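For reference, the structure is listed below as structure tokens.
The values are calculated or read from the model by the stated rules, or taken from the named source; none is laboratory data. None of these values were measured; they are calculated from a predicted model. All Cβ positions, even for glycine, are placed from backbone atoms using ideal geometry, and neighbour counts span all protein chains on display.
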Amino acid sequence: MNQPEGQMDDSPILSISGLTARVAGEPIDILKGVDLAVRPGETHAIMGPNGSGKSTLAKVLAGHPGYEVTGGSVAFRGQDLLEMEPDERAQTGVFMAFQYPVEIPGVSIANFLRTALQARLADGEELDLFDFQELLVERMELLDMDPAFAERHVNEGFSGGEKKRNEILQMAVLKPTLAVMDETDSGLDIDALKIVAHGVNTLKKEMPGMSVLLITHYQRILDHIAPDAVHVMVGGAIVQSGGPEVALELEAQGYEEYRAVTAG
Amino acid sequence: MPQNEVIQGLDLDDYKFGFVTDSEPVFRTRPGLDSDIVRQISARKDEPEWMLKRRLKALDIYESKPMPDWGGDLSELEDTLSETYFYVKPQEKMERSWDDVPENIKQTFERLGIPEAERKILAGVGAQYDSEMVYHSLKEEWESKGVIFDSIEDGLKNHPELFRKHFGTVIPAADNKFAALNSAVWSGGSFVYIPPGVHLETPLQAYFRVNQERLGQFERTLIIAGEGSRAHYIEGCTAPVYSSDSFHSGVIEIVVGRDAFFRYTTIQNWSTNMYNLVTQRALVQQGGHMEWLDGNLGSKLTMKYPSCYLMGEGAHGEILSIAYAGDGQHQDTGGKVIHVAPNTSSSIVSKSISKGTGRASYRGLCKVYDGASNAKSNVECDALLINETSRTDTFPYIEIDERSASVGHEATVSKVGDEQLFYLMSRGMDEAEAMALIVRGFIEPIAKELPLEYAVELNRLIELEMEGSVG
């Protein structure tokens, strides 16, 4: 197990308790009582079959307006996360890497990131453009990225791998306290997966206090990003939690066993 | 890149050009229009007989033509015009030195951000206040090379032959009702001549300000770009916010000589009580290159379709049009390209943003005459809708009489998506910032062509307009 060293504070940074949520306007909950605690510096994997609610959990944490929370609570750094707008959540340190990042035509990645950083400053305070440029270059070097990439328009005409790398770059620049990675591995070939995993590992090493919630369908990304804990989510609730061995069991047996449990 | 930086420092008040200057005109005609008013205008300008005759003939044409029943809603215009002052003379004579401009008028332009520093980077500056140019200057460097940059009145006085040879040849009075009106009551505007081979390295700029309530502003600009010359002319327009409507109807005629390059940029930010009905046209000779960069942000109703008549072989015309229609505004804009000669090429790129109850219409014409072999034209219009109540229309007219012509047309309509907004907000931007970034990206292909101070102004305006646009 990859226990982070030097983490004296053992209280969770993220506490999810009895969380229920549905698609806004729909009659039935997708999340049916999720409980989860993540401590600073920990990496938790949430695995589950399609339709288990794992992506819904990611979106609810980020504050997607298409979802409605019907019960339970989410505390992040002691604050009620559910009371906050998506931009406030981001400013408090939550970052979601999207499964399907959206195109913003005509807006360069550099411009996008500059606006995002500027938005974090107090009224009247101004981001220094030279400092920003320096930060961007430094972050891109850290991730072995070509500086020309920052001049491309956000996700416009990007391959699947480029979209995910763009998410990692944003994470590197915005330096979150909690990174929620929503099926970052889906649709990536093994080379792209390795690059993305390398990015996440580099950032984890650089920011040991950063917690990661890795949401995935497949075990294979866990070969490259070592989790401290693995949770299995089925039917809108976490049905099993444990160490990395849980993922290996899943790899061997599939989700069938859990389906039988929840159906019965 | 540095645009954002500047925006942060700007004051984001409401329409910041809406102030009124307390200034007494030295003369104004009574409200309304008849031949007597036309005679008064001509007499005040001490014009030759031929010009008075032209004006009176144009008045007849204006009166005989019906109000257009297409484009925007002109049903209340007749009433507005009967109350309009067609000529308001702000000061006795036009000044060549900024110091000599009356203090209150000078302050107005300083408040509009046309300070000394900005003037330094321009080849020449003109400023029109109500019906006349109050100031015109051209850098010595260009004057010595034979460049003429003058008020239209002084163009007629000091260069009568050149003036008469071209005036009204690009846009005759009979072209349309408002061209006829302008030809009858024109006042103010620029006369520009770029001698053959002269390359102006920095732009000429004219600024148009309406201060008088219920004014009709009818500037007339005539530009002659000699063979192989290059120049860029920029105009900007603002007005105070009044409860009654005002009227602006300019005519811009441009002759682009052989192998010459000319770019005309407009950033129109009239207050939303302004009717803005403008005719702009360029005749492009062999190998010439004309670009219209047309930004329509303000006004109640704008009807404006800058056009390029590609008269000589290999001539090229380009129209970049950007329109923003906020609550209650209608921007009926676009462009016209007319291919007369072989191997001519043209492109129209139009981007519009409609917000609230705003309506943006693209109206364009691409015409290829028989004999304009291998003519090529491409039209692209993209509309962005911000709210459910926003509206956009596309009226592309294509008339092709030449087999070998190749003409393309593409139109898209997009709405600001919830997923886009969420994506940006999940990175820490609030709704207004996210919306402004999306809109800025949408207009980026055109904004990047603008001179910096106008790009900044455009971005500032968008930032401002997006406040409270969501939810």
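Here are a few things to note about the model shown:
- Every residue from the stretch A:143-167 that is surrounded by 17 or more Cβ atoms within 10 Å (Cβ to Cβ) and within 13 Å of A:Gly199 (Cα to Cα): A:Leu143, A:Met145, A:Lys164, A:Arg165, A:Asn166, A:Glu167
- Assessment of the stretch B:414-436 against the conditions (of a type outside the set (A, V, I, L, M, F, W, C), in contact with an Asp or Glu (Cβ under 6 Å, 6 or more places away or on another chain) and either at the interface with another protein chain (Cβ under 10 Å from one of its Cβ atoms) or not in a strand (DSSP E or B) (or both)) yields at least one matching residue.
- Taking the stretch B:294-314 as the range and being within 11 Å of B:Gly334 (Cα to Cα) and out of contact with any Gly (no Cβ under 7 Å at 6 or more places or on another chain) as the test, the residues that pass are B:Asp294, B:Gly295, B:Asn296, B:Thr302, B:Lys304.
- Boolean, A:Gly72 is crowded, with 23+ Cβ neighbours inside 10 Å and more than 9 Å from every other protein chain (Cβ to nearest Cβ): no
- Criterion: closer than 20 Å to B:Glu431 by Cα and modelled with pLDDT of 95 or more - qualifying residue of A:Val137, A:Val154: A:Val154
- When the helices (runs of 4 or more DSSP H) confined to the stretch A:39-129 are screened for residues that are farther than 25 Å from A:Ala226 by Cβ and without any contact (Cβ under 8 Å) to a residue 12 or more places away in the chain, those reaching at least 2 such residues are found at A:109-119.
- Count - residues of the stretch A:78-133 that are among the acidic types (Asp, Glu) and under 18 Å from A:Lys163 (Cα atoms): 1
- Total residues in the stretch B:220-241 satisfying the condition of being touching a helix residue (DSSP H, G or I) at 6+ places or on another chain (Cβ under 8 Å) and modelled with pLDDT under 95: the figure is 2.
- Residue selected from the stretch B:10-59 under the condition surrounded by fewer than 16 Cβ atoms within 10 Å (Cβ to Cβ) and among the aromatic types (Phe, Trp, Tyr), by the criterion nearest to B:Pro102 (Cα to Cα): B:Phe27
- In a residue-by-residue description of the stretch B:348-359, the property of being in contact with a His (Cβ under 6 Å, 6 or more places away or on another chain), in a strand (DSSP E or B) and among the hydrophobic types (A, V, I, L, M, F, W, C) applies to no position.
- Any hit, the stretch A:139-162, residues being over 29 Å from A:Asp191 (Cβ atoms) and outside any loop (DSSP other than H, G, I, E, B): no
- Residues of the stretch A:180-196 include at least one that is surrounded by 15 or more Cβ atoms within 10 Å (Cβ to Cβ) and farther than 30 Å from B:Ile438 by Cβ.
- The condition of being in a loop (DSSP other than H, G, I, E, B) and more than 18 Å from B:Gly298 (Cα to Cα) holds for only one of B:Ser373, B:Ser377, that being B:Ser373.
- Residues in the stretch B:112-135 that are assigned to a loop (DSSP other than H, G, I, E, B) and aliphatic (A, V, I, L, M) were compared, and the one that is modelled with the lowest pLDDT is B:Ile114.
- Any chance A:Ser17 is more than 24 Å from B:Met429 (Cα to Cα), touching a Gly at 6+ places or on another chain (Cβ under 9 Å) and surrounded by fewer than 15 Cβ atoms within 10 Å (Cβ to Cβ): yes
- Taking the stretch A:204-223 as the range and being touching a Leu at 6+ places or on another chain (Cβ under 8 Å), crowded, with 16+ Cβ neighbours inside 10 Å, at pLDDT below 95 and not β-branched (Val, Ile, Thr) as the test, the residues that pass are A:Gln219, A:Leu222.
- Long-range neighbours under 7 Å by Cβ, at least six apart or interchain, first residue farther than 22 Å from B:Ile353 by Cβ within the stretch B:374-387, second outside any strand (DSSP E or B): B:Asn374/B:Pro342; B:Asn374/B:Asn343; B:Asn374/B:Ser404; B:Ala375/B:Thr344; B:Ala375/B:Glu402; B:Ala375/B:Ala405
Conditions (1) among the hydroxyl-bearing types (Ser, Thr, Tyr); (2) touching a helix residue (DSSP H, G or I) at 6+ places or on another chain (Cβ under 9 Å); (3) at pLDDT 90 or above, marked per residue:
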| site | (1), (2), (3) |
| --- | --- |
| B:Arg54 | no, yes, yes |
| B:Lys57 | no, yes, yes |
| B:Asp60 | no, yes, yes |
| B:Ser64 | yes, yes, yes |
| B:Gly71 | no, no, yes |
| B:Asp99 | no, yes, no |
| B:Pro102 | no, no, no |
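- Only one of A:Asp80, A:Asp87 that is within 9 Å of another protein chain (Cβ to nearest Cβ), out of contact with any strand residue (DSSP E or B) (no Cβ under 6 Å at 6 or more places or on another chain) and among the charged types (D, E, K, R): A:Asp87
- Options B:Leu52, B:Leu77; residue that is touching a Phe, Trp or Tyr at 6+ places or on another chain (Cβ under 8 Å) and more than 19 Å from B:Phe208 (Cβ to Cβ): B:Leu77
- Residue match in the stretch B:356-372 (condition: over 19 Å from B:Asp73 (Cα atoms) and polar (S, T, N, Q)): no
- Of all residues in the stretch A:111-142 being in contact with a Leu (Cβ under 6 Å, 6 or more places away or on another chain) and within 27 Å of A:Glu183 (Cα to Cα), the one that is farthest from the other protein chains (Cβ to nearest Cβ): A:Leu117
- Meets criteria (modelled with pLDDT under 95, within 14 Å of chain A (Cβ to nearest Cβ) and at negative phi) for B:Leu81: no
- Taken over the stretch B:437-471, the criterion of being part of a helix (DSSP H, G or I), of a type in the set (Gly, Ala, Ser) and modelled with pLDDT under 90 is satisfied by B:Ala447, B:Ala455.
- Of all the criteria given as (1) facing another protein chain (nearest Cβ under 8 Å); (2) more than 28 Å from A:Leu188 (Cα to Cα); (3) surrounded by fewer than 19 Cβ atoms within 10 Å (Cβ to Cβ), the one not satisfied by A:Val102 is (2).
- Filter result (buried (at least 23 other Cβ atoms within 10 Å of the Cβ), in contact (Cβ under 8 Å) with a residue 40 or more places away in the chain and farther than 27 Å from B:Leu74 by Cβ) within the stretch B:316-343: B:His339
- Qualifying residues in the stretch B:397-413 (those that are in contact (Cβ under 8 Å) with a residue 40 or more places away in the chain and assigned to a strand (DSSP E or B)) - the one nearest to the other protein chains (Cβ to nearest Cβ): B:Ala411
- The set of residues in the stretch B:442-455 being touching a helix residue (DSSP H, G or I) at 6+ places or on another chain (Cβ under 8 Å) and either over 18 Å from B:Gly334 (Cα atoms) or at the interface with chain A (Cβ under 8 Å from one of its Cβ atoms) (or both) consists of B:Ile443, B:Lys448, B:Leu452, B:Glu453, B:Ala455.
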